[in-house]
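Take a look at the structure set out below.
The values are calculated or read from the model by the stated rules, or taken from the named source; none is laboratory data. Computed from a prediction, not measured in an experiment: that's the story for all the values here. For neighbour counting, all protein chains shown are included, and Cβ atoms are generated from backbone atoms with ideal geometry for every residue, glycine included.
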Amino acid sequence: MHSSSRGDSYSGSSHNNQQHGDDRRQRQHDRPQHGPSNSNSAVTQIARHYNDRPDLGVAHRQQSKILCLKNFNNWIKSVLISVHCPDRANILDLCGGKGGDLNKLMLKKPQNYVLADVAHQSVKDAVDRFNSKRYNNPSAFIAADCFKKNLLEDLPDNLKFDFVSCQFALHYSFESEERVDSLLYNASCRLNPGRYFVCTIPNAYWIVKRLREADGESFGNPLYRFDFRDKEKLTRFGCTYNFSLVESVDSCPEFLVHIPTLADIGRRYGLELIKCTGSHDYFSENCQAFETLLQRMNVFNDRGTISKEEWEAAGVYMVVIFRKNGEKREPKRESPNPLGNGGRRVSHADIMVK
């Protein structure tokens, strides 16, 4: 990859947060390179992909070929929520899809819960899941592009968040600088000082290392596959590949996340990148403290292990944690329920469509 002239290197360790500042200084005289812009077709294709995937339920899930991998990823998210989301929080679930994290987040007994996703059918499924669990938290569901800055404008002005989550979705914003900027603005604009924005994303450091080791433009194992167009042209934005994961993703277009650039754009909105580490390492850091949760979530198979193929696939992802600048304090809410709709079922007609 020719990176010296553009400053777009994906080399390095996901642990090395110090390099972000060094890269930022290097790029002060070097604007980011943009890949081809095709925003409408990309977001439409991604939304259609997730709209078309049925919600097969728990029974089907137990027969999954990647059950341990799914449970592992859910364990990662559960740890992130446990550590960084306060009880009785106001929660924003960005790119929340079908509400797959509802149960995890509701353990925090949120005062207000907002889910937003571009796929309208997925948001309908999230509403159905919310109702089926008989949750009665004040809530709002938004069907809109989370990578545009008008996402939250219809919410009450006094609704601020104590925790923002974006799981396995932020990378779709890296089609362009404008879309990354909008997502981070949405994550930060109502986040209280000292609180956290947590994400899980594909690990570009790991992916590019594997790509360089591959003979061609593709690599993977029986469970997952990456297909790149040109391994010698890896730009900061619009660096497209197609990703497949058994039972989950079918050759969907995705974008590499350039971590130093992500950190830079976050700073525009008072978000400081405080952690950036691969899923394998995050597991090593937290497995003892959350051992009981590992057992309860059945992360390992009957032999107490996880298959080699699933463990390799788990390495595709990484954890990214931002902290909003400012002193953390308990928020003084004018009303504990600015959404004003607690205690009743949510209907599809209640979804805010933008």
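Below are the figures for this structure:
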{"item": "In the stretch 327-354, residue nearest to SER284 (Cα to Cα) [restricted to those that are out of contact with any helix residue (DSSP H, G or I) (no Cβ under 8 Å at 6 or more places or on another chain) and at pLDDT 95 or above]", "result": "MET352"}
{"item": "Elements of type strands (runs of 3 or more DSSP E) in the stretch 204-289, at least 2 residues being modelled with pLDDT under 95 and surrounded by fewer than 21 Cβ atoms within 10 Å (Cβ to Cβ)", "result": "249-255"}
{"item": "Odd one out for ASN131 among (1) over 26 Å from PHE255 (Cα atoms); (2) under 16 Å from the mean Cα position of the chain (by Cα)", "result": "(2)"}
{"item": "Complete set of residues in the stretch 173-196 that are closer than 16 Å to ILE91 by Cα, outside any helix (DSSP H, G or I) and in contact with a strand residue (DSSP E or B) (Cβ under 7 Å, 6 or more places away or on another chain)", "result": "ARG190, LEU191, ASN192, PRO193, GLY194, ARG195, TYR196"}
{"item": "Condition check for ALA126: among the small types (Gly, Ala, Ser) and not in a helix (DSSP H, G or I)", "result": "no"}
{"item": "Counted residues, the stretch 129-150 - those being part of a helix (DSSP H, G or I), more than 25 Å from HIS84 (Cα to Cα) and in contact (Cβ under 8 Å) with a residue 60 or more places away in the chain", "result": "1"}
{"item": "Test: residue in the stretch 229-251 that is closer than 26 Å to GLY97 by Cβ, in contact with a helix residue (DSSP H, G or I) (Cβ under 6 Å, 6 or more places away or on another chain) and among the small types (Gly, Ala, Ser)", "result": "yes"}
{"item": "Selection within the stretch 64-108 - over 15 Å from the mean Cα position of the chain (by Cα), at pLDDT 95 or above and among the hydroxyl-bearing types (Ser, Thr, Tyr)", "result": "SER82"}
{"item": "Test result for ALA314, buried (at least 16 other Cβ atoms within 10 Å of the Cβ) and of a type in the set (Gly, Ala, Ser)", "result": "yes"}
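Here's the yes/no breakdown for (1) buried (at least 21 other Cβ atoms within 10 Å of the Cβ); (2) at pLDDT below 95; (3) among the charged types (D, E, K, R):
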| site | (1), (2), (3) |
| --- | --- |
| VAL118 | yes, no, no |
| LYS124 | no, no, yes |
| ASN150 | no, yes, no |
| ASP154 | no, no, yes |
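Okay, residues lined up against (1) closer than 23 Å to PHE163 by Cα; (2) touching a Lys or Arg at 6+ places or on another chain (Cβ under 6 Å); (3) charged (D, E, K, R):
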{"residue": "ILE274", "(1), (2), (3)": "yes, yes, no"}
{"residue": "GLY278", "(1), (2), (3)": "yes, no, no"}
{"residue": "ASN298", "(1), (2), (3)": "no, no, no"}
{"residue": "ASP302", "(1), (2), (3)": "no, no, yes"}
{"residue": "LYS324", "(1), (2), (3)": "yes, yes, yes"}
{"residue": "ARG329", "(1), (2), (3)": "yes, no, yes"}
{"residue": "GLY340", "(1), (2), (3)": "yes, no, no"}
{"residue": "SER347", "(1), (2), (3)": "no, no, no"}
